[in-house]
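Student: The structure under discussion is supplied below as structure tokens; questions concerning it will follow.
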Amino acid sequence: MDEAEKLINSVLGENLISVELFDIYKDKENNKKSFAYNVIFQSKSETLSDEFANGEMEKVYNLLKEKGFETR
């Protein structure tokens with residue numbers, strides 16, 4: 001599990017079903033890599049609203065930014 005996956009897991013915790021890296025883009029000109037993840041999460045006890053899901057993803061983006069990742 002890479003650092004980004006660990007951070008995603010730390011936010012979503014028990015609601016995380018899977019996090020899967022599905023694309024890596026290498027920008028040789030700027031010496032950067034871009035990673036794309038498919039994240040699936042759900043609650044075992046209740047239906048998650050769009051508002052809740054969006055809020056959780058916002059927490060993920062904010063934590064990744066705090067740790068030096070750029071998000072799009």
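Student: So what J values fall out for segment 48-54 if you push phi through Karplus, 6.51 cos²θ - 1.76 cosθ + 1.60 with θ = phi - 60°, rounded to Hz, Gly and Pro as x?
Tutor: Taking θ as phi minus 60°, the curve returns 8, 7, 4, 4, 5, 4, 5 Hz for segment 48-54.
Student: Under 19 Å from the Cα of LYS6, which lysines turn up, not counting those fewer than eight places away in the same chain?
Tutor: LYS33, LYS59, LYS65, LYS67
Student: Angle between the Cα long axis of helix 3-12 and the longest principal axis of the chain, 0 to 90 degrees, nearest 10?
Tutor: Computed tilt is about 20 degrees.
Student: Among ASN31, LEU12, LEU48, whose Cα projects farthest towards the positive end of the dipole of the chain, with charges put on the beta-carbon of Lys, Arg (+1) and Asp, Glu (-1)?
Tutor: Result: ASN31, furthest along the dipole toward the positive end.
Student: Counting each DSSP H run of 4 or more residues in the chain as -39500 (n - 2.57), what helix-only mean residue ellipticity at 222 nm follows after dividing by all residues, to the nearest 500 deg cm²/dmol? Mind showing how you got there, number by number?
Tutor: Working: 2 runs with 27 residues, N = 72.
Computed mean residue ellipticity for the chain: -12000 deg cm²/dmol.
Values in this text are rule-based calculations from the coordinates and carry no lab data. The structure presented is a predicted model; accordingly, all values stated were derived computationally and were not measured. Because the Cβ atoms are built from the backbone with ideal geometry, glycine has one as well, and the counts that use them run over all protein chains shown.
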